[in-house]
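A short worksheet on the structure shown next.
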Amino acid sequence: MFSNALTENKRKHEKYEIFYFIFSLMLFTFSFFSYCTFFSLFFHFLSYSPYPICASREPSAMLRVRCTLRGGGGVLLCLHRTAQYRYPSGPERVLTRSLSRTPDSSRVALKLQTRLGVTLLVGVGLLGAWWWVEQEKQQRRQRQRVEQLRTVALGQGTFSLLDHTGHRRTKQDFLGRWVLLYFGFTHCPDICPDELDKLSTVVSALDRDPALPRLQPLFITVDPERDDVAALARYVRDFHPRLVGLTGTPEEVRHAGRDFRVYASAGPKDEDGDYMVDHSVLLYLVSPDGLFLDYYNRTKSPEQIADSIRNHIRNHRNKSRPV
Amino acid sequence: MAAPNSAQRKACWDARDQLWQCLDDNNDKIQSCQKFQGDFEANCPAQWVKYFTKRRDFLKYKDKMQREGFTPAEGPQVNS
């Protein structure tokens, strides 16, 4: 039953995708043909003047077809030949100049200008409409996602943990800040360092924008037996300077993990007493109100995450602005 | 035993990458890559050695699935 709702949603989404694809295709085709029409008309006009550019060496109709077919390549070639041609000198020049100013060609020029103007206007208008529709689609997708996550209601509780300097921190201490949170452990072979590097990249990227608030990156251990305050202090040094590591008693850590439905399971110990902790790998975004807004898995790139966070910040600002 | 720091992690990853490169070149024949295997085990904690060995098997399996495809298992049919 749950999967039915999902597939229906997906089908609706797919319909929208097809619609946008066809719209983009029509826009591209229109732009391509108006581009060819412009250039073929341009050379048709030039064929009226006696300057022997490529237009006069062959019938203009053939040139039109050739330019329309070959589009940019043929056009550039014609332009190149035009640039290379040298103006005739002396009486020939006067004659040709007067010939080119026939009322016929000026009417064609005017008609060309209006056609060109209309083409450009319509093209720009279509592009603008398409861009606006894309933006709306992104916004709607983001809003739907936030709504879905709100019903899941993660991160509602509080936590009380020790940070890597030995001070006690609770969830209240982080209210008013945007928090990007990761659960891991210091003995992790590659996943946690990679994810924390990604986290540092995202926070640094957002730091570069002075208009955005500074994010607070957090690292909560799922291995409190080994990751004490000193171990965390050694570990977080390798990543973003603002990264705060949090640990505590096994019960406190379990409570924090349960709040975000984090899966963590310690594996068997080997003869050195070393073991791996299998855990879910996600970056959690928490708003300044302490509400869980979004999560990012391993497939998301730093750019995608930064864009998503910028979007969330913008929406959050828009919501809290007085009407 | 303290967790490896950034430099130790990098040393371990480099040794692992060299070992995997050697295995790729030698068609997964572990005998030809004994030197790299030794380096790898020296630079990485035992748990990481086990983890990375399993990871390599998983990555090769995933690659095989993506290249050769698979036949899905016969499971219960869900009425949608």
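The values are calculated or read from the model by the stated rules, or taken from the named source; none is laboratory data. As the structure is a computational prediction, the values presented were derived from the model and not from experiment. Cβ coordinates were reconstructed from backbone atoms using ideal geometry, including for glycine residues, and neighbour counts include every protein chain displayed.
Of the conditions (1) touching a helix residue (DSSP H, G or I) at 6+ places or on another chain (Cβ under 9 Å); (2) surrounded by 22 or more Cβ atoms within 10 Å (Cβ to Cβ); (3) within 19 Å of B:Pro4 (Cα to Cα), A:Glu271 fails just one. Which one is it?
It is condition (2) that A:Glu271 fails.
(1) of a type in the set (Gly, Ala, Ser); (2) in contact (Cβ under 8 Å) with a residue 24 or more places away in the chain; (3) assigned to a loop (DSSP other than H, G, I, E, B): which one isn't true of A:Ser308, the others all being true?
All conditions are met except number (3).
Residues in the range A:236-257 that are closer than 20 Å to A:Gln156 by Cα, in contact (Cβ under 8 Å) with a residue 40 or more places away in the chain and not β-branched (Val, Ile, Thr): how many?
Number satisfying all stated conditions: 6.
Check off (1) in contact (Cβ under 8 Å) with a residue 12 or more places away in the chain; (2) within 26 Å of the chain's Cα centre (by Cα) for A:Trp131 and give me the number that stays unchecked.
Result: A:Trp131 passes all but (1).
Would it be correct to say that A:Ala264 is of a type in the set (Gly, Ala, Ser), in contact with a strand residue (DSSP E or B) (Cβ under 6 Å, 6 or more places away or on another chain) and under 28 Å from B:Ala7 (Cβ atoms)?
Working: of a type in the set (Gly, Ala, Ser): yes; in contact with a strand residue (DSSP E or B) (Cβ under 6 Å, 6 or more places away or on another chain): yes; under 28 Å from B:Ala7 (Cβ atoms): yes.
Judged against the criteria, A:Ala264 is a match.
Could you give me the residue pairs with C-beta distances under 6 Å whose first residue belongs to the range B:33-54 and is within 16 Å of B:Asn5 (Cα to Cα) and buried (at least 18 other Cβ atoms within 10 Å of the Cβ), whose second residue is small (Gly, Ala, Ser) and at pLDDT 90 or above wherever it lies, and which are 6+ apart or on separate chains?
Correct list of pairs: B:Asn43/B:Ala11; B:Asn43/B:Ala15.
Closer than 23 Å to A:Val286 by Cα, at pLDDT below 95 and assigned to a helix (DSSP H, G or I), is that true of A:Gln135? Talk me through it step by step, then tell me what you get.
On the way: closer than 23 Å to A:Val286 by Cα: no; at pLDDT below 95: yes; assigned to a helix (DSSP H, G or I): yes.
The answer is no for A:Gln135.
From A:Asp163, A:Asp173, grab the single residue that is surrounded by fewer than 17 Cβ atoms within 10 Å (Cβ to Cβ) and not hydrophobic (A, V, I, L, M, F, W, C).
Details: A:Asp163 fails: surrounded by fewer than 17 Cβ atoms within 10 Å (Cβ to Cβ).
Being surrounded by fewer than 17 Cβ atoms within 10 Å (Cβ to Cβ) and not hydrophobic (A, V, I, L, M, F, W, C) holds for just one of A:Asp163, A:Asp173, which is A:Asp173.
I need a count of the residues in the range A:227-280 that are away from every other protein chain (no Cβ under 14 Å), over 21 Å from A:Trp178 (Cβ atoms) and among the β-branched types (Val, Ile, Thr).
Total satisfying the criteria: 2.
Of everything in the range A:197-238, what is touching an Asp or Glu at 6+ places or on another chain (Cβ under 7 Å) and either surrounded by fewer than 20 Cβ atoms within 10 Å (Cβ to Cβ) or hydrophobic (A, V, I, L, M, F, W, C) (or both)? Give them in sequence order.
Within the range A:197-238, the first condition is being touching an Asp or Glu at 6+ places or on another chain (Cβ under 7 Å), and the residues that meet it are A:214, A:221.
Within the range A:197-238, just A:Arg214 meets the criteria.
Tell me, yes or no, whether the range B:51-73 has at least one residue that is of a type in the set (Val, Ile, Thr), over 18 Å from the mean Cα position of the chain (by Cα) and either outside any helix (DSSP H, G or I) or under 26 Å from A:Lys269 (Cα atoms) (or both).
Taking the range B:51-73 first, the residues of a type in the set (Val, Ile, Thr) are B:53, B:71.
Still in the running and over 18 Å from the mean Cα position of the chain (by Cα): B:71.
The next check asks that each one be either outside any helix (DSSP H, G or I) or under 26 Å from A:Lys269 (Cα atoms) (or both); those that pass are B:71.
Scanning the range B:51-73 turns up at least one residue that is of a type in the set (Val, Ile, Thr), over 18 Å from the mean Cα position of the chain (by Cα) and either outside any helix (DSSP H, G or I) or under 26 Å from A:Lys269 (Cα atoms) (or both).
Looking at (1) in a strand (DSSP E or B); (2) within 29 Å of the chain's Cα centre (by Cα); (3) within 14 Å of chain B (Cβ to nearest Cβ); (4) not polar (S, T, N, Q), can you tell me which one A:Arg298 breaks?
Condition (1) is where A:Arg298 drops out.
Could you check how many residues of the range B:1-33 are part of a loop (DSSP other than H, G, I, E, B) and more than 9 Å from chain A (Cβ to nearest Cβ)? Even if it seems obvious, please write down each step before you answer.
If we filter the range B:1-33 for residues that are part of a loop (DSSP other than H, G, I, E, B), which is where we start, we get B:1-5, B:26-29.
From what's left, more than 9 Å from chain A (Cβ to nearest Cβ): B:26-29.
Total satisfying the criteria: 4.
Looking at the range B:34-44 only, could you name the residues that are out of contact with any helix residue (DSSP H, G or I) (no Cβ under 6 Å at 6 or more places or on another chain) and either within 14 Å of chain A (Cβ to nearest Cβ) or of a type in the set (A, V, I, L, M) (or both)?
B:Ala42
Determine, yes or no, whether A:Val179 is free of Cβ contacts under 8 Å to residues at least 60 places away in the same chain and either of a type in the set (Ser, Thr, Tyr) or within 28 Å of A:Asp307 (Cα to Cα) (or both).
Numbers: free of Cβ contacts under 8 Å to residues at least 60 places away in the same chain: no; either of a type in the set (Ser, Thr, Tyr) or within 28 Å of A:Asp307 (Cα to Cα) (or both): yes.
Against the criterion (free of Cβ contacts under 8 Å to residues at least 60 places away in the same chain and either of a type in the set (Ser, Thr, Tyr) or within 28 Å of A:Asp307 (Cα to Cα) (or both)), A:Val179 does not qualify.
State yes or no: is A:Gln148 surrounded by fewer than 14 Cβ atoms within 10 Å (Cβ to Cβ) and either among the aromatic types (Phe, Trp, Tyr) or over 28 Å from the mean Cα position of the chain (by Cα) (or both)? Step through it out loud before you land on a result.
Details: surrounded by fewer than 14 Cβ atoms within 10 Å (Cβ to Cβ): yes; either among the aromatic types (Phe, Trp, Tyr) or over 28 Å from the mean Cα position of the chain (by Cα) (or both): no.
Considered against the rule, which asks whether it is surrounded by fewer than 14 Cβ atoms within 10 Å (Cβ to Cβ) and either among the aromatic types (Phe, Trp, Tyr) or over 28 Å from the mean Cα position of the chain (by Cα) (or both), A:Gln148 comes out as no.
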